[in-house]
Amino acid sequence: MKKKITNFELATLNYFITRAFLIGITFNALINSMKQDSWIIPLLSIIPGIIFIFLVEYIMNYEPSLSLPDKITKLFKRKLGIVIITITSLFAYLMCTLNYLNLCSFIQSQFLTKTPIVAIAILFAIASYYILDKGINTLSRTSNILFYLNILLIIISFLGLIQSIKISNLQPFLVSSAKDYVNGLNSFYAFNIAPIILISIIPKDNIENAKIKKYLIISYILSIITLFGLLIETLAVFGYELASLYEYAEFHVLKHVTLFGLNSRIESILVMQLLYDIFIFNVLIIYFISNNIRSVIKFNKNNLLYFITCILVIIGTIFLSKYNIYLDNFMNNIIPIFASTFTIIWILIICLKIKMSKK
């Protein structure tokens with residue numbers, strides 16, 4: 001019998017996926033819309049995030065032995081269910097390839113400047129496939145281990161940046177317009193709240209002594225605290241004007257970390273806290289897409305499905321990399337609106353259908 005996933009493992013998965021789009025995506029979107037007030041958005045997103053978690057839990061409580069695509073098929077019947085699952089999978093694939101490209105572009109631009117993106121993409125795909133081939137339990141245990149390392153690196157970064165922080169760089173406060181707040185909240189929802197839906201791919205019965213709502217809320221609030229801290233650190237060290245000039249300001253601020261009065265130059269290690277987020281997210285969303293495909297075509301060879309999905313992600317990453325110069329505007333202005341609209345409509349339809357099925 002396969003070991004069930006613990007509540008803590010579920011929480012760590014949620015912690016990583018709600019942070020996954022921060023570097024190079026959420027940060028840039030918030031800087032563009034909110035400027036020096038960007039740090040406020042994570043705090044304002046606590047309530048919307050908790051509401052979203054309630055909806056996710058509601059879906060997971062329905063037919064707890066079934067995974068998400070099987071629930072959709074049961075709710076909407078076979079033909080309509082396949083259409084919904086296919087559209088959901090295509091949306092998940094888009095978000096996966098965008099974040100995968102973000103990871104590969106970061107690695108290439110900051111560390112491996114002479115290495116083609118395709119080589120980096122293949123290396124991460126191999127690591128993703130290895131974990132997936134071992135099963136969701138291996139992913140959850142990997143998430144547990146990386147969680148402790150992540151928290152340790154965050155603490156070291158915070159302590160090392162304290163003396164470089166200047167509150168004056170955050171001033172003037174609250175200068176953004178109502179439209180800026182709406183754009184900022186929309187971007188944060190699209191990139192940091194909506195991914196929580198990936199958790200629903202795990203049947204509730206596969207979670208030991210499931211306390212989904214409690215652990216998802218705790219992990220989400222912890223994620224918010226860390227995101228809030230990183231935004232404050234980056235803006236308070238650089239100021240808005242300088243931070244907006246960096247492609248990856250969240251990484252470059254780590255170069256200012258000093259320990260025991262010495263410039264430690266360990267940013268290449270500290271940045272792993274941000275790369276863990278992207279990696280766990282990408283592995284889980286590939287698992288999500290693969291399970292959706294399996295439910296549609298009734299294909300039971302999981303390892304082959306994971307392999308095919310990884311190949312598709314690599315192909316998508318290579319294709320999108322050719323249009324890298326256009327992606328900033330796409331990620332800042334188009335994807336947030338599209339992702340928010342899609343996920344809100346999608347989750348409300350599922351929840352309403354579940355409610356109707358109980359009458």
Sum up the charges of everything whose Cβ sits under 15 Å from the Cβ of D37, counting Lys and Arg as +1 and Asp and Glu as -1, but leave D37 out. 0
Cα centre as origin, Lys/Arg/Asp/Glu Cβ charges: segment 207-260 dipole, Debye: 360 debye
Give me the extension gain from L90 to T113: residue separation times 0.36 nm, minus the current Cα-Cα distance, reported in nm with one decimal. 5.2 nm
Simple spin-label estimate for I354 and K166 in nanometres, 7 Å along Cα-Cβ: 5.0 nm
If I take R0 = 30 Å and measure r between the Cβ atoms of F8 and F173 in this structure, what FRET efficiency does the formula 1/(1 + (r/R0)^6) give, to the nearest 0.05? 0.20
Counting only residues 5 or more apart in sequence or on a different chain, those whose built amide H sits under 5 Å from that of F21 are none
What whole number of Å gives the distance from the Cα centroid of segment 172-225 to the Cα centroid of segment 1-65? 3 Å
Leaving out same-chain residues fewer than 8 places away, which aspartates and glutamates sit with a Cα under 20 Å from that of K322? E247
Please give the FRET efficiency for S244 paired with I308, using the beta carbon to beta carbon distance and R0 = 35 Å, rounded to the nearest 0.05. 0.30
Please work out how much accessible surface D133 shows to a 1.4 Å probe, ignoring ligands, DNA and RNA, in Å² rounded to 10. 80 Å²
Rounded if a/c under 1.5, otherwise prolate or oblate - segment 143-237, Cα gyration tensor axes: oblate
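Going by accessible area, probe 1.4 Å, with all protein chains left in place, what is the ranking of L94, L80, largest first? Write down the numbers at each step before the final one.
Details: L94 45, L80 90 Å².
Listed by decreasing accessible area, they come as L80, L94.
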Between N300 and K74, 0.36 nm times their residue separation minus their Cα-Cα distance comes to what? 79.5 nm
Positive dipole terminus of segment 258-342, leading residue within T317, F338, V271 (C-beta point charges): T317
Could you calculate the FRET efficiency of K214 with T341 from 1/(1 + (r/R0)^6), where r is the beta carbon distance between them and R0 is 22 Å, rounded to 0.05? 0.15
For Y323, Y62, Y148, Y93, give me the order by solvent-accessible area with a 1.4 Å probe, most accessible first, ignoring ligands, DNA and RNA. Y148, Y323, Y93, Y62
Sequence neighbours fewer than 8 away in the same chain don't count; with that in mind, list the aspartates and glutamates whose C-alpha is under 20 Å from K214. E9, E57, E63, D205
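Applying a 10 Å radius around every beta-carbon, put 327-333, 29-35 in order of their mean neighbour count, most first.
Peptide ranking by packing, descending: 29-35, 327-333.
What do you get for Rg/Rh of segment 284-336 when both radii come from the Cα atoms and Rh is the Kirkwood radius?
Values: Rg = 14.3 Å, Rh = 12.7 Å.
Using only Cα positions, Rg/Rh for segment 284-336 is 1.13.
So between V83 and I315, what do we pick up on full extension, going 0.36 nm a residue minus the alpha carbon distance?
Details: separation 232, 0.36 × 232 = 83.52 nm, distance 2.35 nm.
Fully extending the segment from V83 to I315 adds 81.2 nm.
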Cross-link pairs K4/K298; K71/K355; K134/K204; K71/K298; K74/K134; K301/K353 - those with Cα-Cα distance over 22 Å: K4/K298; K74/K134; K301/K353
Heavy atoms of E241 accessible to a 1.4 Å probe, total area in Å² rounded to 10: 130 Å²
Straight-line reach only, C-alpha to C-alpha below 23 angstrom: list the lysines that K255 could link to, leaving out same-chain residues fewer than 8 apart. K35, K114, K166
Tell me which DSSP H helices of the chain clear both cut-offs, 20 Å or more of axial length from alpha-carbon atoms and a mean Kyte-Doolittle hydropathy of at least 1.6. 46-61, 117-134, 212-238, 302-321, 335-357
Heavy-atom accessible area of L146 with all protein chains present, probe 1.4 Å, nearest 10 Å²? 20 Å²
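The values are calculated or read from the model by the stated rules, or taken from the named source; none is laboratory data. Owing to the predicted nature of the structure, the values given are computational and were not obtained by experimental measurement. Glycine also receives a Cβ, built like all others from the backbone with ideal geometry; neighbour counts cover every protein chain displayed. Remember, those area values only see protein heavy atoms, side chains included, never the ligands or the DNA or RNA. Shrake-Rupley method; radii C 1.70, N 1.55, O 1.52, S 1.80 Å.
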